[in-house]
1. Is there a residue in region 169-184 that is in a loop (DSSP other than H, G, I, E, B) and touching a residue at least 40 places away in the same chain (Cβ under 8 Å)?
2. Considering every residue within region 118-135, establish whether at least one is within 17 Å of residue 33 (Cα to Cα) and either modelled with pLDDT of 95 or more or surrounded by fewer than 20 Cβ atoms within 10 Å (Cβ to Cβ) (or both).
3. Sort through 62, 38 and tell me the only one that's without any contact (Cβ under 8 Å) to a residue 12 or more places away in the chain, surrounded by fewer than 17 Cβ atoms within 10 Å (Cβ to Cβ) and farther than 19 Å from residue 144 by Cα.
4. List every residue pair whose Cβ atoms lie under 9 Å apart, where the two residues are 6 or more positions apart in sequence or sit on different chains, the first residue falls within region 1-13 and is on the phi > 0 side of the Ramachandran plot and at pLDDT below 95, and the second residue, located anywhere, is surrounded by fewer than 16 Cβ atoms within 10 Å (Cβ to Cβ) and not in a loop (DSSP other than H, G, I, E, B).
5. Just checking, how many residues over region 14-35 are part of a helix (DSSP H, G or I) and free of Cβ contacts under 8 Å to residues at least 12 places away in the same chain?
6. Applying the selection to region 169-185, what residues are surrounded by fewer than 16 Cβ atoms within 10 Å (Cβ to Cβ) and touching a strand residue (DSSP E or B) at 6+ places or on another chain (Cβ under 7 Å)?
7. Given 47, 29, which one is surrounded by 17 or more Cβ atoms within 10 Å (Cβ to Cβ), out of contact with any strand residue (DSSP E or B) (no Cβ under 9 Å at 6 or more places or on another chain) and over 21 Å from residue 115 (Cβ atoms)?
(Lines give C-alpha, C1' and ligand atoms only; values in the text may rest on other atoms or scores of the structure.)
Protein backbone atom coordinates (compact mmCIF):
# COMPACT_ATOMS: atom_id res chain seq x y z
CA UNK A 1 0.00 0.00 0.00
CA UNK A 2 1.41 3.38 -1.02
CA UNK A 3 0.61 6.27 1.28
CA UNK A 4 -0.16 9.67 -0.26
CA UNK A 5 2.45 12.38 0.21
CA UNK A 6 2.00 16.03 -0.71
CA UNK A 7 4.86 18.51 -1.01
CA UNK A 8 4.70 22.28 -1.02
CA UNK A 9 7.44 24.88 -1.01
CA UNK A 10 7.94 24.67 2.76
CA UNK A 11 5.95 21.62 3.84
CA UNK A 12 5.86 17.87 3.55
CA UNK A 13 2.48 16.24 4.20
CA UNK A 14 2.86 12.55 4.97
CA UNK A 15 -0.12 10.31 5.58
CA UNK A 16 -0.58 9.35 9.18
CA UNK A 17 1.07 6.30 10.62
CA UNK A 18 0.54 4.92 14.11
CA UNK A 19 3.87 6.48 15.08
CA UNK A 20 2.25 9.93 14.64
CA UNK A 21 -0.36 9.38 17.35
CA UNK A 22 1.78 10.67 20.28
CA UNK A 23 2.76 13.87 18.39
CA UNK A 24 -0.83 14.57 17.39
CA UNK A 25 -2.06 13.81 20.92
CA UNK A 26 0.48 16.20 22.45
CA UNK A 27 -0.56 18.98 20.06
CA UNK A 28 -4.32 18.44 20.56
CA UNK A 29 -3.91 18.21 24.36
CA UNK A 30 -2.16 21.60 24.45
CA UNK A 31 -4.36 23.95 26.54
CA UNK A 32 -4.09 26.61 23.80
CA UNK A 33 -5.46 24.18 21.17
CA UNK A 34 -8.09 22.39 23.26
CA UNK A 35 -10.72 25.17 23.09
CA UNK A 36 -10.87 24.75 19.30
CA UNK A 37 -11.67 21.03 19.00
CA UNK A 38 -14.58 18.84 20.05
CA UNK A 39 -12.52 16.03 21.60
CA UNK A 40 -12.79 15.37 25.35
CA UNK A 41 -10.90 17.50 27.86
CA UNK A 42 -8.53 16.42 29.31
CA UNK A 43 -7.69 14.53 26.13
CA UNK A 44 -6.96 10.82 26.57
CA UNK A 45 -4.56 9.18 24.11
CA UNK A 46 -7.28 6.63 23.27
CA UNK A 47 -9.54 9.39 21.95
CA UNK A 48 -6.86 10.41 19.45
CA UNK A 49 -6.34 6.78 18.38
CA UNK A 50 -10.09 6.38 17.83
CA UNK A 51 -10.29 9.66 15.87
CA UNK A 52 -7.47 8.63 13.52
CA UNK A 53 -8.72 5.06 13.09
CA UNK A 54 -11.11 5.82 10.19
CA UNK A 55 -8.24 7.19 8.11
CA UNK A 56 -6.05 4.17 8.98
CA UNK A 57 -8.85 1.80 7.94
CA UNK A 58 -9.28 3.64 4.63
CA UNK A 59 -5.59 3.65 3.65
CA UNK A 60 -5.66 0.29 1.78
CA UNK A 61 -9.02 0.95 0.08
CA UNK A 62 -9.78 2.11 -3.45
CA UNK A 63 -11.60 4.43 -3.75
CA UNK A 64 -10.97 6.11 -0.43
CA UNK A 65 -13.03 8.59 1.54
CA UNK A 66 -10.74 9.52 4.46
CA UNK A 67 -7.23 10.92 4.44
CA UNK A 68 -5.06 12.30 7.19
CA UNK A 69 -1.59 13.80 6.98
CA UNK A 70 1.01 14.90 9.48
CA UNK A 71 2.55 18.20 8.41
CA UNK A 72 6.32 18.59 8.64
CA UNK A 73 8.56 21.56 7.95
CA UNK A 74 10.95 20.80 5.11
CA UNK A 75 13.52 23.11 6.72
CA UNK A 76 14.09 20.85 9.74
CA UNK A 77 11.67 17.91 9.42
CA UNK A 78 9.78 19.19 12.50
CA UNK A 79 6.15 18.19 13.08
CA UNK A 80 4.03 21.36 12.79
CA UNK A 81 0.46 20.04 12.59
CA UNK A 82 -2.06 17.76 10.95
CA UNK A 83 -4.61 18.07 8.17
CA UNK A 84 -7.14 15.70 6.70
CA UNK A 85 -10.30 14.92 4.80
CA UNK A 86 -13.47 13.17 5.92
CA UNK A 87 -15.19 12.05 2.76
CA UNK A 88 -18.87 11.73 1.99
CA UNK A 89 -20.29 8.70 0.15
CA UNK A 90 -18.67 8.40 -3.30
CA UNK A 91 -21.67 9.67 -5.28
CA UNK A 92 -21.39 13.11 -3.62
CA UNK A 93 -17.71 13.61 -4.65
CA UNK A 94 -17.25 15.71 -1.54
CA UNK A 95 -15.08 15.88 1.56
CA UNK A 96 -14.75 17.93 4.72
CA UNK A 97 -11.39 19.55 5.45
CA UNK A 98 -9.99 19.69 8.98
CA UNK A 99 -6.62 20.76 10.37
CA UNK A 100 -4.76 21.65 13.53
CA UNK A 101 -1.50 23.55 13.65
CA UNK A 102 0.81 23.47 16.66
CA UNK A 103 0.55 26.89 18.37
CA UNK A 104 4.32 27.41 18.01
CA UNK A 105 3.65 27.68 14.26
CA UNK A 106 0.50 29.82 14.23
CA UNK A 107 0.50 32.92 12.01
CA UNK A 108 3.23 31.57 9.74
CA UNK A 109 0.98 30.57 6.82
CA UNK A 110 1.29 26.82 7.55
CA UNK A 111 -2.46 26.10 7.55
CA UNK A 112 -2.99 28.19 4.41
CA UNK A 113 -0.16 26.48 2.52
CA UNK A 114 -1.25 22.99 3.61
CA UNK A 115 -4.93 23.80 2.94
CA UNK A 116 -4.20 24.96 -0.59
CA UNK A 117 -2.18 21.79 -1.24
CA UNK A 118 -5.00 19.58 0.01
CA UNK A 119 -7.55 21.54 -2.05
CA UNK A 120 -5.38 20.88 -5.11
CA UNK A 121 -5.35 17.17 -4.23
CA UNK A 122 -9.15 17.18 -3.77
CA UNK A 123 -9.94 18.82 -7.10
CA UNK A 124 -7.07 17.75 -9.36
CA UNK A 125 -6.37 14.21 -8.13
CA UNK A 126 -9.58 12.99 -6.51
CA UNK A 127 -11.72 14.99 -8.99
CA UNK A 128 -14.20 15.90 -6.26
CA UNK A 129 -17.02 18.38 -6.77
CA UNK A 130 -16.99 20.01 -3.32
CA UNK A 131 -14.69 20.69 -0.38
CA UNK A 132 -16.22 22.00 2.81
CA UNK A 133 -15.13 22.89 6.32
CA UNK A 134 -16.80 23.83 9.55
CA UNK A 135 -15.26 26.40 11.86
CA UNK A 136 -16.14 27.67 15.32
CA UNK A 137 -17.50 31.19 14.86
CA UNK A 138 -15.03 32.46 17.49
CA UNK A 139 -11.97 31.02 15.73
CA UNK A 140 -10.94 34.07 13.70
CA UNK A 141 -7.57 32.59 12.68
CA UNK A 142 -9.16 29.53 11.13
CA UNK A 143 -11.83 31.64 9.44
CA UNK A 144 -9.05 33.67 7.77
CA UNK A 145 -7.31 30.46 6.62
CA UNK A 146 -10.47 29.11 4.98
CA UNK A 147 -11.07 32.38 3.17
CA UNK A 148 -7.42 32.61 2.02
CA UNK A 149 -7.59 29.15 0.45
CA UNK A 150 -10.68 30.19 -1.50
CA UNK A 151 -13.56 28.85 0.54
CA UNK A 152 -16.77 30.84 0.87
CA UNK A 153 -19.01 31.07 3.90
CA UNK A 154 -22.31 29.36 3.12
CA UNK A 155 -24.10 29.48 6.41
CA UNK A 156 -24.31 29.19 10.16
CA UNK A 157 -25.05 26.02 12.06
CA UNK A 158 -26.30 26.98 15.49
CA UNK A 159 -24.95 25.23 18.59
CA UNK A 160 -23.61 22.24 16.66
CA UNK A 161 -20.16 21.99 18.29
CA UNK A 162 -19.98 20.17 21.65
CA UNK A 163 -17.02 22.06 23.13
CA UNK A 164 -15.56 21.71 26.61
CA UNK A 165 -17.27 24.94 27.69
CA UNK A 166 -20.67 24.19 26.10
CA UNK A 167 -22.33 24.24 22.69
CA UNK A 168 -20.98 26.63 20.08
CA UNK A 169 -22.04 27.87 16.66
CA UNK A 170 -20.22 26.85 13.51
CA UNK A 171 -19.79 28.55 10.15
CA UNK A 172 -19.99 26.28 7.12
CA UNK A 173 -17.45 27.10 4.41
CA UNK A 174 -17.16 25.45 1.01
CA UNK A 175 -15.35 25.52 -2.30
CA UNK A 176 -16.72 23.96 -5.47
CA UNK A 177 -14.61 22.59 -8.29
CA UNK A 178 -15.56 25.57 -10.46
CA UNK A 179 -14.38 27.93 -7.70
CA UNK A 180 -11.08 26.10 -7.49
CA UNK A 181 -10.44 26.10 -11.23
CA UNK A 182 -11.43 29.75 -11.62
CA UNK A 183 -9.09 30.60 -8.69
CA UNK A 184 -10.85 33.84 -7.84
CA UNK A 185 -9.22 34.00 -4.41
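The values are calculated or read from the model by the stated rules, or taken from the named source; none is laboratory data. Since this is a predicted model, take the numbers as computed values, not measurements. Cβ placement follows ideal geometry from the backbone for every residue including glycine, while neighbour counts extend to all protein chains displayed.
1. Just the residues of region 169-184 that are in a loop (DSSP other than H, G, I, E, B), to begin with: 183-184.
Now restrict to residues that are touching a residue at least 40 places away in the same chain (Cβ under 8 Å): none.
Checking region 169-184: not a single residue is in a loop (DSSP other than H, G, I, E, B) and touching a residue at least 40 places away in the same chain (Cβ under 8 Å).
2. Within region 118-135, one or more residues are within 17 Å of residue 33 (Cα to Cα) and either modelled with pLDDT of 95 or more or surrounded by fewer than 20 Cβ atoms within 10 Å (Cβ to Cβ) (or both).
3. Working: 38 fails: without any contact (Cβ under 8 Å) to a residue 12 or more places away in the chain.
Matching residue, one of 62, 38: 62.
4. No pair meets every condition.
5. We begin by selecting, within region 14-35, every residue part of a helix (DSSP H, G or I); these are 18-29, 34-35.
Remaining after also requiring free of Cβ contacts under 8 Å to residues at least 12 places away in the same chain: 19, 26.
Of the residues in region 14-35, 2 are part of a helix (DSSP H, G or I) and free of Cβ contacts under 8 Å to residues at least 12 places away in the same chain.
6. As a first pass, look at region 169-185 and keep what is surrounded by fewer than 16 Cβ atoms within 10 Å (Cβ to Cβ): 169, 178, 181-185.
Selection gives 169 alone.
7. Working: 47 fails: surrounded by 17 or more Cβ atoms within 10 Å (Cβ to Cβ).
When all the criteria are applied, what remains is 29.
For (1) touching a helix residue (DSSP H, G or I) at 6+ places or on another chain (Cβ under 6 Å); (2) in contact (Cβ under 8 Å) with a residue 40 or more places away in the chain, each residue gets a yes or a no:
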residue	(1), (2)
45	yes, no
53	no, no
68	yes, yes
71	yes, yes
74	no, yes
90	no, no
102	yes, yes
